[in-house]
Amino acid sequence: DKTGSFHWPFYLVPWAFAAATATIVSGSVAERTQFGAYLGYSIFLTAFVYPVISHWGWSSEGWLSAFRGDYGGLLFNCGYIDFAGSGIVHMTGGLAGLAGAYFVGPRMGRYDEDGKPVEIRGHSASLVVLGTFVLWVGWYGFNPGSALAISNPGYANIASRTAVTT
């Protein structure tokens, strides 16, 4: 920008993607880690791992990017296109969660001595529904917002189609 003003959307959107990557891990290690360990894991993931991987796919200089200009034979000479973090965010979070679950191990008390599952007490149905609505409404801002603009009719069509199919 010629005025030198800071563009908050271009800070907040990647920040939200990094945070989403860390929250994917939380489901993999739920109830098996201490909060401090999860916090440290999340800081490491969002500060060091995620920026490198997102640079590979989303930067015009990234080795996976379809926007490089000089494909150099990388990724079948076509590059990688990722809309709304479907690959980078979820694959990074999923693989980090898999690694976390591997190192943490199974939930203690989840299975009896014979290897049969032990019934786990139910949780608050009200909070489950509330969480579902929060995610649902959040996705309507997150996914269509990944078009990054709606002033161009092509971008508006992408954002509206994304909202309808979310």
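The values are calculated or read from the model by the stated rules, or taken from the named source; none is laboratory data. Everything numeric here is computed off the predicted structure, so don't read it as measured data. Every residue, glycine among them, receives a Cβ derived from its backbone with ideal geometry; neighbour counts consider all protein chains shown. Heavy atoms of the whole protein, side chains included, go into the accessibility calculation; ligands, DNA and RNA do not. Shrake-Rupley method; radii C 1.70, N 1.55, O 1.52, S 1.80 Å.
With respect to PHE67, determine if the residue is under 27 Å from LEU39 (Cβ atoms) and either open to solvent by 50 Å² or more (accessible area, probe 1.4 Å) or part of a loop (DSSP other than H, G, I, E, B) (or both). Working first, answer last.
Details: under 27 Å from LEU39 (Cβ atoms): no; either open to solvent by 50 Å² or more (accessible area, probe 1.4 Å) or part of a loop (DSSP other than H, G, I, E, B) (or both): yes.
Considered against the rule, which asks whether it is under 27 Å from LEU39 (Cβ atoms) and either open to solvent by 50 Å² or more (accessible area, probe 1.4 Å) or part of a loop (DSSP other than H, G, I, E, B) (or both), PHE67 comes out as no.
Please tell me if GLU61 is open to solvent by 80 Å² or more (accessible area, probe 1.4 Å) and farther than 20 Å from VAL13 by Cα.
Numbers: open to solvent by 80 Å² or more (accessible area, probe 1.4 Å): yes; farther than 20 Å from VAL13 by Cα: no.
In short, no.
Filter segment 2-23 down to the residues that are open to solvent by 100 Å² or more (accessible area, probe 1.4 Å) and either in a helix (DSSP H, G or I) or more than 20 Å from ALA147 (Cβ to Cβ) (or both), then identify the one that is modelled with the highest pLDDT. Spell out the reasoning first.
Filtering segment 2-23 down to residues open to solvent by 100 Å² or more (accessible area, probe 1.4 Å) leaves 2-3, 6, 8, 10-11, 15.
Next cut, either in a helix (DSSP H, G or I) or more than 20 Å from ALA147 (Cβ to Cβ) (or both) only: 2-3, 6, 10-11, 15.
On the way: LYS2: 55, THR3: 60, PHE6: 71, PHE10: 75, TYR11: 79, TRP15: 86.
Only one residue fits best here, namely TRP15.
If the requirement is being surrounded by fewer than 10 Cβ atoms within 10 Å (Cβ to Cβ) and within 23 Å of the chain's Cα centre (by Cα), which of these qualifies: THR165, THR92, THR132? Give the derivation first.
On the way: THR92 fails: surrounded by fewer than 10 Cβ atoms within 10 Å (Cβ to Cβ); THR132 fails: surrounded by fewer than 10 Cβ atoms within 10 Å (Cβ to Cβ).
Exactly one residue qualifies, and that residue is THR165.
Say we look at segment 40-57 and pick out the residues that are more than 14 Å from the chain's Cα centre (by Cα) and of a type in the set (Phe, Trp, Tyr); which of these is surrounded by the fewest Cβ atoms within 10 Å (Cβ to Cβ)?
That would be PHE48.
Answer yes if at least one residue in segment 117-139 is touching a Pro at 6+ places or on another chain (Cβ under 6 Å) and either assigned to a helix (DSSP H, G or I) or closer than 29 Å to LEU39 by Cα (or both), and no otherwise. Don't jump to the end; show me each part of the working.
So the first thing to find is which residues in segment 117-139 are touching a Pro at 6+ places or on another chain (Cβ under 6 Å), and the list is none.
The answer is no; no qualifying residue exists.
For segment 104-120, state whether one or more residues are surrounded by 11 or more Cβ atoms within 10 Å (Cβ to Cβ) and closer than 28 Å to VAL49 by Cα. Spell out how you get there, then give the answer.
Of segment 104-120, the ones surrounded by 11 or more Cβ atoms within 10 Å (Cβ to Cβ) are 104, 107, 110-111.
In the following step, the residues that additionally are closer than 28 Å to VAL49 by Cα were identified as 104, 107.
Scanning segment 104-120 turns up at least one residue that is surrounded by 11 or more Cβ atoms within 10 Å (Cβ to Cβ) and closer than 28 Å to VAL49 by Cα.
Open to solvent by less than 80 Å² (accessible area, probe 1.4 Å), within 14 Å of the chain's Cα centre (by Cα) and hydrophobic (A, V, I, L, M, F, W, C): is that true of ALA149 in this structure? Talk me through it step by step, then tell me what you get.
Working: open to solvent by less than 80 Å² (accessible area, probe 1.4 Å): yes; within 14 Å of the chain's Cα centre (by Cα): no; hydrophobic (A, V, I, L, M, F, W, C): yes.
The answer is no for ALA149.
Taking the options ARG68, ARG107, name whichever one is basic (Lys, Arg) and either in contact with a strand residue (DSSP E or B) (Cβ under 7 Å, 6 or more places away or on another chain) or touching a residue at least 40 places away in the same chain (Cβ under 8 Å) (or both). Before you say what the answer is, go through the steps one by one.
Numbers: ARG68 fails: either in contact with a strand residue (DSSP E or B) (Cβ under 7 Å, 6 or more places away or on another chain) or touching a residue at least 40 places away in the same chain (Cβ under 8 Å) (or both).
So the residue among ARG68, ARG107 that is basic (Lys, Arg) and either in contact with a strand residue (DSSP E or B) (Cβ under 7 Å, 6 or more places away or on another chain) or touching a residue at least 40 places away in the same chain (Cβ under 8 Å) (or both) is ARG107.
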